[in-house]
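In what follows, a structure is listed as structure tokens, so that the remarks can point back to it.
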Amino acid sequence: MSEQLRFLCLAAVIEMAGVSKTSVYAGIPDFPKPVKIHGAGASIQSGSRWVESEVTAWMQSRIAQRDAQRNPTKAEQIARLVSQ
């Protein structure tokens, strides 16, 4: 089964990721880029949208970075002890 894609508006991205509008547009270099949406009818609004799975992947990468810093390898622990 293929992955279901979903576009998120800016407000949803801010709520989901817990970041500011400024961070979304300019403050976070590796944050997912928006997809431009151009409305063709009254029910479709123009603007930028973000792919939900890309935002989720970005959040997961941040968690992995945090965990890697919290849980150094044995070699890193020994190197820190030796350098003190």
Worksheet item: Under a plain spin-label model, where a point goes 7 Å from the Cα along Cα-to-Cβ, how far apart in nm are Gln84 and Ser48?
Response: 4.5 nm
Response to the item:
For the Leu5, Asp30 Cβ pair and Förster radius 22 Å, calculated FRET efficiency rounded to 0.05 is 0.60
Worksheet item: Roughly what % of Cα-Cα distances in the chain sit above 23 Å, to the whole percent?
Response: 42 percent
Item to complete: Express the carbon and sulfur contribution to the solvent-accessible surface of the chain as a percent, rounded to the nearest whole number, probe 1.4 angstrom.
Response: 56 percent
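The values are calculated or read from the model by the stated rules, or taken from the named source; none is laboratory data. Keep in mind that what you see is a predicted model, and the values were worked out from it rather than measured. Backbone-built Cβ (ideal geometry, glycine too); neighbour counts: all protein chains shown. Ligands, DNA and RNA are excluded from the accessible area calculation, which covers all protein heavy atoms including side chains. Shrake-Rupley method; radii C 1.70, N 1.55, O 1.52, S 1.80 Å.
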